[in-house]
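Accompanying notes for the structure given below.
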Amino acid sequence: MLNIILLGPPGEGKGTQAKDLVQRLNFRHLSTGDILREEKEKKTDLGIQIQRYMNQGLLVPNEVVLELLRKKLESLRTDCEGFIFDGYPRNIQQAENLEALLAEMGMQIDMVIFFDVTEELSVQRLSGRRVCSKCGANFHITNMPPKQEGICDYCGGSLYQRDDDTPEVIKKRWATYMEETLPLLNYYEKKGLLYRVDATKPKEEAFRDLMNLIRNLKK
Ligand code: AP5
């Protein structure tokens, strides 16, 4: 099993790349953002609490995310080559929690890929992002427009803009990233697990770089 973390600021393209990776490799995609949105949609007490954090651009408490991740990991741990962790961990405590969780299951982190992008580009990408309400595919109004405005190319579902893709919340998400998540670069560099991809490149080029890194790891 190979376990890979995709790490980086909001909107640098990790969700887009993770979805493409699992089309090509027999990996499972674990996005804590998607897991939390799923819970939010259930409108349970927990879902309402989660929504408050997400809509303010803050991290959901570590123990809440860990329990949801644990359940998902157990349910997906079938016949696959490994996991792509997208958006987890986001602080040192979560990194330690993930190590412990994987160790319980006889696994470890093999590679951490940092997606480097500027704040300006991230804001441009997030403010134009549109997501399919049915299959979750990502589009962008100018960078990756759907063939028909407002309609998903893959399943015909309607496209929507996420509640946290407003200018004020994007700014707060960046601040949270700088304060809580950036220290993870140093943490994983010291462990010799950190690799970088230039995420300012067009989607296909960034994907090629990513695949090359993973192929080298598999050798
Ligand atoms: P999450 O959903 O993980 O949001 P994020 O980290 O801010 O990342 P995004 O999903 O916004 O961006 P992305 O990098 O995946 O970019 P994408 O591929 O969509 O988390 C949301 C919230 O949940 C957090 O703020 C927090 O509250 C909570 N949360 C999540 N995980 C948590 C955790 N571990 N602990 C606590 N709380 C947690 O691309 C963006 C746009 O750019 C798209 O429109 C796409 O089409 C376009 N694009 C992508 N790549 C390119 C390219 N190369 N060129 C041009 N355009 C591109």
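The values are calculated or read from the model by the stated rules, or taken from the named source; none is laboratory data. Being a predicted model, the structure only gives us computed values, none of them experimental. Every residue, glycine as well, gets a Cβ built from its backbone with ideal geometry; the counts of neighbours run over all protein chains shown.
Scanning region 171-210 for residues that are more than 8 Å from the ligand (Cβ to nearest atom), of a type in the set (S, T, Y) and in contact with a strand residue (DSSP E or B) (Cβ under 8 Å, 6 or more places away or on another chain) gives T181, Y188, Y195.
The set of residues from region 160-190 being of a type in the set (D, E, K, R), free of Cβ contacts under 8 Å to residues at least 60 places away in the same chain and assigned to a loop (DSSP other than H, G, I, E, B) comprises R162, D165. Just one of (1) farther than 20 Å from Q17 by Cα; (2) more than 8 Å from the ligand (Cβ to nearest atom); (3) modelled with pLDDT of 95 or more fails for I113. It is (1). Going through region 22-51 one residue at a time, which ones are part of a helix (DSSP H, G or I), of a type in the set (G, A, S) and within 18 Å of R173 (Cα to Cα)? Listed by number, the list holds a single entry, G33. Considered as a group, the residues in region 70-102 that are in a loop (DSSP other than H, G, I, E, B) and loosely packed, with under 14 Cβ neighbours inside 10 Å include one that is modelled with the highest pLDDT, and that residue is E81. Among the numbered conditions (1) over 23 Å from A137 (Cα atoms); (2) assigned to a helix (DSSP H, G or I); (3) touching a residue at least 40 places away in the same chain (Cβ under 8 Å); (4) not hydroxyl-bearing (S, T, Y), the only one that L58 does not meet is (2).
Quick one: would you say K19 is touching a His at 6+ places or on another chain (Cβ under 9 Å), part of a helix (DSSP H, G or I) and either charged (D, E, K, R) or within 12 Å of the ligand (Cβ to nearest atom) (or both)? So K19 fits the description; yes. With respect to L21, determine if the residue is crowded, with 16+ Cβ neighbours inside 10 Å and free of Cβ contacts under 8 Å to residues at least 60 places away in the same chain. No; evaluated as a whole, the condition is false for this residue.
Yes or no, residue by residue, for (1) among the aliphatic types (A, V, I, L, M); (2) within 17 Å of the chain's Cα centre (by Cα); (3) closer than 20 Å to A95 by Cβ:
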position	(1), (2), (3)
I5	yes, yes, yes
P9	no, yes, yes
T16	no, yes, no
I48	yes, no, no
M54	yes, yes, no
L58	yes, yes, yes
E67	no, no, yes
